[in-house]
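The values are calculated or read from the model by the stated rules, or taken from the named source; none is laboratory data. Since we're looking at a predicted model, the values are computed, not measured. For neighbour counting, all protein chains shown are included, and Cβ atoms are generated from backbone atoms with ideal geometry for every residue, glycine included. SASA here: full protein model, heavy atoms, side chains in, ligands and nucleic acids out. Shrake-Rupley method; radii C 1.70, N 1.55, O 1.52, S 1.80 Å.
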Amino acid sequence: MLIDVSYFVSGPRHIQNASTSKTAGADSLAVTGHIEAYIKELQPIFLEAMLGVEEAKIANKFIEQATCDNDYFAVELLDRTDDDKYWTVLKQLKEPFADYVLFNILRDASSQATITGNVRLKCANEYVSPIKAQVIAWNRMVDANVKFILWAREGNCPIPLETQTNMLNRINQFNL
């Protein structure tokens, strides 16, 4: 995977009970598993939105080949040089991808799925993710994506990009 749970252990993306410890409690293991599932599911979607369909397929294969034992694409553990074009591109996308994952986790946590539809229960003592945190995560991702595109336009990107415009559009808490 492009990132791991360590992006959610502390700092602006902190998720309660997220842990990289192998001896973590049951709550931490459940949260970690939940985050890892999001990372695994969203990675191809994010790369396709940022790189284009064909380049995303190649990048995903590159990540699979470069992944170490803990199922995390650890650039510093690879014996690669700076001229490896996918290594160069993917290291630029780690931070925005972490924000993309956080945005999706927060979005999905704001409602409860039932057979008859999605319900938000205010009186059931359930936590509902704040929309402001979602907006901040999305806009932080967009800022990093814009920097990535500017970096690419300066001739630094060794692969052709087909970035979806929605990945470069900021939002506000009213989604306007």
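Of the whole protein surface, F174 contributes about 150 Å² of accessible area at a 1.4 Å probe radius.
Within the full protein context, the accessible area of K147 is estimated at about 140 Å² for a probe radius of 1.4 Å. Only lysines eight or more places from K132 in sequence, or on another chain, were considered; those with a Cα closer than 18 Å are K122. Give, to the nearest whole percent, the P(r) tail of the range 1-53 beyond 14 angstrom, counting all Cα pairs. Roughly 54 percent, rounded to a whole number.
Amide H to amide H, with H built 1.01 Å from N, I3 comes under 5 Å of F73, counting only residues 5 or more places away or on other chains. These residues, S10, S19, go from largest to smallest accessible area, 1.4 Å probe, as S10, S19.
Taking R0 as 35 Å, what FRET efficiency do you get between I131 and D84 from their Cβ-Cβ distance, rounded to the nearest 0.05?
Working: r = 40 Å, r/R0 = 1.13.
Working from the Cβ atoms, E equals 0.30.
Extent along the principal axes, Cα only, for the range 127-176: 44, 17, 13 Å, with the longest axis given first. Heavy-atom accessible area with a 1.4 Å probe sorts D108, D99, largest first, into D108, D99.
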